[in-house]
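Readers should treat all values here as calculations from the given coordinates under stated rules, not as data from a laboratory. What you are looking at is a predicted structure, and each value in this text was computed from that prediction instead of being measured. Every residue, glycine as well, gets a Cβ built from its backbone with ideal geometry; the counts of neighbours run over all protein chains shown.
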Amino acid sequence: MKKNVVILAAGDFPKRGGVAWCMLESADAVVCCDSAADAFRRRFSREPDAVVGDCDSIKGSFGNLVRFSEQETNDLEKAVRYCRGKGWRKPVLLGATGRREDHTIGNVFRAMSLGLEIVSDYGRFIPFSGRKSFAVRKGAAVSIFATDPATKMVSKGLEWPLAGVEFKNLYCATLNRATGGSVVIESDRPALIYFAR
């Protein structure tokens, strides 16, 4: 059973030596979304375990293409479907941010709905619901996003507590800070937390 599975999207490629690069380098399986396969092969001199999508933007030839011709979902959702079909339930998403802002925003909230963690050179997005505890460094930048305005949250370990926050917009709980080594948040609906590196 492959434990460390990475989905690589076609945003900014992880920087050599960074956290995202190390995750990619040590992954048990790498599943590339379409053209991310070209970038992966160029930097690692090897084939990804699978190249998933409609395969309309790949420049090279790959023997491990998994084509989905339907256009109702994007390549990221197709890659998740492929991973879950293999029994890989918790892949981590890299390369989801950067290059095109519209893709970044779409990927972040699509990953939230799919329950995927995103890791970039700058931070980490983690979807959650219920009560969760996160280990952080004191003073770390923390932002919380809730897409449902009826979301109710309480927190411990944030400079500006979340109790009573009305999620009238996506940015009302951003730009917070950790006051110690952990942040505990309880949410009655799915939400997303971002920790800056």
Which is the longest stretch in the chain that no exposed loop site breaks, taking sites as GluC sites (Glu not before Pro) with a DSSP loop state and at most 14 other Cβ atoms within 10 Å?
-> 73-158
Taking every pair of alpha-carbon atoms in segment 126-196, what share in percent sits in each 10 Å bin, from 0 to the bin with the longest distance?
-> 22, 62, 16
Non-local residues with an amide H under 5 Å from the amide H of V92, with H modelled 1.01 Å from N and Pro and chain starts lacking one, are V5, V6, I7
Coil-residue trypsin sites (Lys or Arg not before Pro) of segment 60-155, DSSP, other Cβ within 10 Å capped at 16 | K86, R89, R99, R100, R137, K138, K152
Between beta-carbons, use under 11 Å as the cut-off and find the net charge around E25, counting Lys and Arg +1, Asp and Glu -1.
-> +3
Given pairs K78/K132; K3/K132; K15/K156 and cut-off 30 Å on Cα-Cα distance, the over-length ones are K15/K156
Quick one: which residues, 5+ away or cross-chain, put their amide H under 5 Å from the amide H of T174? H built at 1.01 Å from N.
-> I144
Taking the alpha carbon gyration tensor of segment 5-121, what are the square roots of 5 times its eigenvalues, largest first, to the nearest whole Å?
-> 18, 17, 14
So which lysines pass the test for K168, namely a Cα distance under 17 Å, with those fewer than 8 places away in the same chain ruled out?
-> K152
Equivalent ellipsoid semi-axes for the chain, as square roots of 5 times the alpha carbon gyration tensor eigenvalues: give them largest first, rounded to whole Å.
-> 32, 18, 14
Phi-derived 3J(HN,Hα) across segment 10-16 with the Karplus relation (6.51, -1.76, 1.60, θ = phi - 60°), rounded Hz, x for Gly and Pro, is 9, x, 5, 6, x, 6, 3
Rounded to the nearest 0.05, what FRET efficiency do F109 and C172 give with R0 = 25 Å and r taken as the Cβ-Cβ distance? Could you check?
-> 0.95
